[in-house]
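Asks: First, the structure itself, so that you have it in front of you.
The values are calculated or read from the model by the stated rules, or taken from the named source; none is laboratory data. These numbers were taken from a predicted model, which means no experiment stands behind them. Cβ sites come from the backbone with ideal geometry, for glycine too, and all protein chains shown count toward neighbours. All accessible areas refer to the heavy atoms of the entire protein, side chains included, with ligands and DNA or RNA removed. Shrake-Rupley method; radii C 1.70, N 1.55, O 1.52, S 1.80 Å.
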Amino acid sequence: MSALSLPSLSCTSSSTYPFSISLNSSFSSLIPFQRVKLFGSTSKATTRSFFLTAKAMAELVKDKESGVAAAGGGKMDIEHSRTFLEARSEEEFLSGIKKEVEAGRLPPNVAAGMEEFYRNYKNAVFQSGDPAAAETVLSNMAVALDLMLLDVEDPFVFQPYHKALREPFDYYMFGQNYIRPLIDFRNSYVGNLSLFYEIEEKLKQGHNVVLFSNHQTEADPAVIALLLEKTNPHIAENLIYVAGDRVITDPLCKPFSMGRNLICVYSKKHMYDVPELADMKRKANIRSLKEMALLLRTGSKLVWIAPSGGRDRPDPVTGEWNPAPFDSSSVDNMRRLIESSGAPGHMYPLALLCYDIMPPPSKVEKEIGERRIISFHGAGLSVAPEIAANCEKSEEVGCIGICDCGLRVGFSFSFWDEQVKDVYTQPLYKSVTEQYNVLKSAIHGKQGLVASTAGIALSQPWN
């Protein structure tokens, strides 16, 4: 999951109301065809209870035409291929990919990515030493390859605010079951579990909570949810991610994204990759910012954002991984949205360590369709006490912000310069870095629970 910063805002003139934009919007979560609901509650999930038999996999496409009609569509023009649902072995998976290319249903570049995805996933799951590894690979990859092919045949279109698709087919549990075998829970840790309970209480009271986090892999949402599913299933299932366009356009990634709550935006890093699309991207970001404002106004929302604007990358000289620096404008914009929502808001620093599971390319790439290197490894998640979203204000003035996507948004706030923005950015980033280093000592340094500090208590709540 790739996430990024919100559009930048700058003060230019006055306004008397915190928000001067129209928030009328609508969206629909279209499901291409009906799929039976195979998965149950996350909190009771175990790996083996979700193995899919060949018969169950075939049921996924049994009633596709009636599903389209139920969603308001007509009969599908393209009959969905059952190639991967009917596969019984690795040879049948690989020959099936070749068959779909020859039939013209699968572009060669996507097919190559699917084959690499399969081989890397298989190797990673076998690293776990699980006696059921072969069955896990076949069942999970059958569904994954089928969903990828389905999106090539009938592409799913994400709206600015995408709500996780849980029925008739549960895309959320599909993602959980796929990533679960990649996490070494014996070498994984959660920091400050009590604060996650605190966050849940604030949400119950109608407060908004924003998690300012580093970002490591496309699998971050699943890793976060899997580490919290036993103790905090509400957080695991209701977290809203600010996500970049890469994860909603790549057919190998889209099925996983469909199971998450997303605010979809275009990254400033990729705004001008195709210059003629820049205006379209800015307008899309306007719609997404409106959706964010609307959501926060209703209260009880939990949002995850990576103020760095992308995934962490290793140092080119030392090879060490550390949280990428936070963009102060992104932090400040999110703070303003919190304060203008009308509901109490809270800002928490969150650290995530999971790059070994699915590391990103060493540098930012323009092309869609990156290589997926996958491995079995421990992961870590930690949250620290909130950073106050309100601090002393000088003379307050009304202003209208102009974001880099062209949206005029009215705010009432003090006249902030770059140094004042850092009042929030620096402590958030410092806390994330400190938590990350503790997780690194526990996981990579093999210190385990002993790596805990006075401010960061590690635990393994699944034990």
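Asks: Does residue 206 satisfy the condition of being over 9 Å from the mean Cα position of the chain (by Cα), on the phi > 0 side of the Ramachandran plot and assigned to a loop (DSSP other than H, G, I, E, B)?
Replies: Taking the combined requirement at face value, the residue satisfies it.
Asks: Return yes when residue 185 is buried (at least 20 other Cβ atoms within 10 Å of the Cβ) and in contact (Cβ under 8 Å) with a residue 12 or more places away in the chain and no when it is not.
Replies: no
Asks: So residue 191 fits all but one of (1) modelled with pLDDT of 95 or more; (2) farther than 29 Å from residue 446 by Cα; what number is the exception?
Replies: Here residue 191 clears every test but (2).
Asks: Let me ask something additional. Based on this model, can you work out whether residue 168 counts as more than 20 Å from the chain's Cα centre (by Cα), outside any helix (DSSP H, G or I) and in the same structural domain as residue 288 (by the TED database)?
Replies: So residue 168 fits the description; yes.
Okay, residues lined up against (1) over 20 Å from residue 300 (Cα atoms); (2) assigned by the TED database to the domain that holds residue 382; (3) touching a helix residue (DSSP H, G or I) at 6+ places or on another chain (Cβ under 6 Å):
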| position | (1), (2), (3) |
| --- | --- |
| 177 | yes, yes, yes |
| 181 | yes, yes, yes |
| 192 | yes, yes, no |
| 204 | no, yes, no |
| 253 | yes, yes, yes |
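Residue-by-condition table, conditions (1) among the small types (Gly, Ala, Ser); (2) open to solvent by less than 50 Å² (accessible area, probe 1.4 Å):
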site: 244; (1), (2): yes, yes
site: 254; (1), (2): no, yes
site: 294; (1), (2): no, no
site: 297; (1), (2): no, no
site: 305; (1), (2): no, yes
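Asks: Right, another one. Taking the range 171-199 as the search range and keeping residues that are in a strand (DSSP E or B) and of a type in the set (A, V, I, L, M), which one is farthest from residue 387 (Cα to Cα)?
Replies: 183
Asks: Just give me the residues in the range 127-155 being open to solvent by 20 Å² or more (accessible area, probe 1.4 Å) and in a loop (DSSP other than H, G, I, E, B), in sequence order.
Replies: Within the range 127-155, 128, 129, 130, 131, 154, 155 qualify.
Asks: I'd like to know if the range 134-146 contains one or more residues that are under 14 Å from residue 252 (Cα atoms) and charged (D, E, K, R).
Replies: Yes, the range 134-146 has at least one match.
Asks: Please go through the range 321-342 and give me each residue that is of a type in the set (Asp, Glu) and within 20 Å of the chain's Cα centre (by Cα), ordered by number.
Replies: 327
Asks: Out of 208, 238, report the one residue that is open to solvent by 20 Å² or more (accessible area, probe 1.4 Å) and of a type outside the set (Ser, Thr, Tyr).
Replies: 238
Asks: Filter the range 95-126 down to the residues that are over 20 Å from residue 250 (Cβ atoms) and surrounded by 16 or more Cβ atoms within 10 Å (Cβ to Cβ), then identify the one that is farthest from the chain's Cα centre (by Cα).
Replies: Out of the qualifying residues, it is 96.
Asks: Here is a further query. Which residue is modelled with the highest pLDDT, if the candidates are limited to the range 414-440 and must be farther than 19 Å from residue 385 by Cα and either hydrophobic (A, V, I, L, M, F, W, C) or open to solvent by 40 Å² or more (accessible area, probe 1.4 Å) (or both)?
Replies: 440
Asks: Please enumerate the residues belonging to the range 445-463 that are assigned to a helix (DSSP H, G or I), open to solvent by less than 40 Å² (accessible area, probe 1.4 Å) and closer than 16 Å to residue 192 by Cβ.
Replies: 451
Asks: Is it the case that residue 212 is part of a helix (DSSP H, G or I), touching a helix residue (DSSP H, G or I) at 6+ places or on another chain (Cβ under 7 Å) and within 30 Å of residue 331 (Cα to Cα)?
Replies: No, not satisfied.
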